[in-house]
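Here is the structure we will look at.
The values are calculated or read from the model by the stated rules, or taken from the named source; none is laboratory data. From a predicted model like this one, the values you see are computed outputs, not experimental measurements. A quick note on method: Cβ atoms are made from the backbone with ideal geometry, for glycine too, and the neighbour counts reach across all protein chains shown.
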Amino acid sequence: MTNRHTRILEALTKNRRIEVTVLADMLEVSQVTVRKDLDRLEEQGLIRRKHGFASIESTDDVGMRLAYHYNIKRRIAAAAAESVAEGETVMIESGSCCALLAEELANTKRDITIITNSAFIANHIRYAPYGKTVLLGGDYQKESQVTVGPITRKCAEMFFADKFFIGADGFTGKFGFTGKDHLRAQTVQELTGLARQVLVLTESEKFKHQGAVGLVRADQVRVLYTDDNIPPDIETSLLEKNLTIHKVCSDMAG
């Protein structure tokens, strides 16, 4: 993704809808160039194209969440990708950091298998040169583009995963990482037992929030990938649970 694409995503995150003419002026390029950029971003499922403008619509849309603090999420994903060796099978749950992780793996690792319950992720990496993608079945949630429920677990039981990567919507000291949707949280809890390691990818900002339901207990997580603004008290408590923490630079421009 080019720097111009990143600027478009950041602008849409703030405004939700922007005309092509405004984007062309902002980026100092032609409207033809902007339209080509928007076509590419729409192909990746990140935005919606309509006549004369682009938009990000749903609050539960992965594309919208991916656009928010994109550069930080990209660095978190790249750091997590370094933990994956050639030949491994990994499960990746829905989420913006997780989508970027899948993209990084599918573009850099020649011999990996990605198992996911996210139709967004499967679509997002469909043009990537490497890797095999397995999309799990189940009850389909349209806005979040994920499958959940007992069918999802049954499909996942066929595989042996080296690592299970998940995102998070919040955190609580009494439990650990939390989510917003109880069906997605239940699916994560069930899939957690099918992998050798559980790894969480999330911005430090999520530690300021508490989700509605428990996602995965902190002591079940082996590694956390986040940025360097993680609250010191939370970092200390997680380290006391023998959880390894990898922090990336939180500088938005980097």
Just one of Ala106, Ala54 is buried (at least 21 other Cβ atoms within 10 Å of the Cβ), at pLDDT 95 or above and under 30 Å from Val32 (Cα atoms); which is it? Ala106
Could you check how many residues of the stretch 69-87 are under 19 Å from Arg4 (Cβ atoms) and within 11 Å of the chain's Cα centre (by Cα)? 3
Restricting to the stretch 21-43, count the residues that are in a loop (DSSP other than H, G, I, E, B) and exposed (fewer than 14 other Cβ atoms within 10 Å of the Cβ). 2
Being in contact with a strand residue (DSSP E or B) (Cβ under 7 Å, 6 or more places away or on another chain), more than 27 Å from Glu88 (Cβ to Cβ) and assigned to a loop (DSSP other than H, G, I, E, B) is the filter here; which residues of the stretch 213-254 pass it? Asp228, Ser250
Specify the residue that is modelled with the lowest pLDDT; the eligible residues are those in the stretch 143-154 that are more than 14 Å from Ala195 (Cα to Cα) and crowded, with 18+ Cβ neighbours inside 10 Å. Ser144
Could you list, in sequence order, the residues of the stretch 88-101 that are under 21 Å from Glu157 (Cβ atoms) and either in a loop (DSSP other than H, G, I, E, B) or over 8 Å from the mean Cα position of the chain (by Cα) (or both)? Glu88, Thr89, Val90, Met91, Ile92, Glu93, Ser94
Tell me the residue from Thr202, Thr236 that is among the hydroxyl-bearing types (Ser, Thr, Tyr) and either touching an Asp or Glu at 6+ places or on another chain (Cβ under 8 Å) or touching a residue at least 12 places away in the same chain (Cβ under 8 Å) (or both), please. Thr202
List the number of the failed condition for Arg17; all other conditions in (1) out of contact with any strand residue (DSSP E or B) (no Cβ under 9 Å at 6 or more places or on another chain); (2) basic (Lys, Arg); (3) modelled with pLDDT of 85 or more hold. (1)
Please identify the pairs in which a residue from the stretch 165-194 that is on the phi > 0 side of the Ramachandran plot has its Cβ atom under 8 Å from the Cβ atom of a residue that is surrounded by fewer than 17 Cβ atoms within 10 Å (Cβ to Cβ) and assigned to a strand (DSSP E or B), counting only partners at least 6 apart or on another chain. Gly176/Arg217
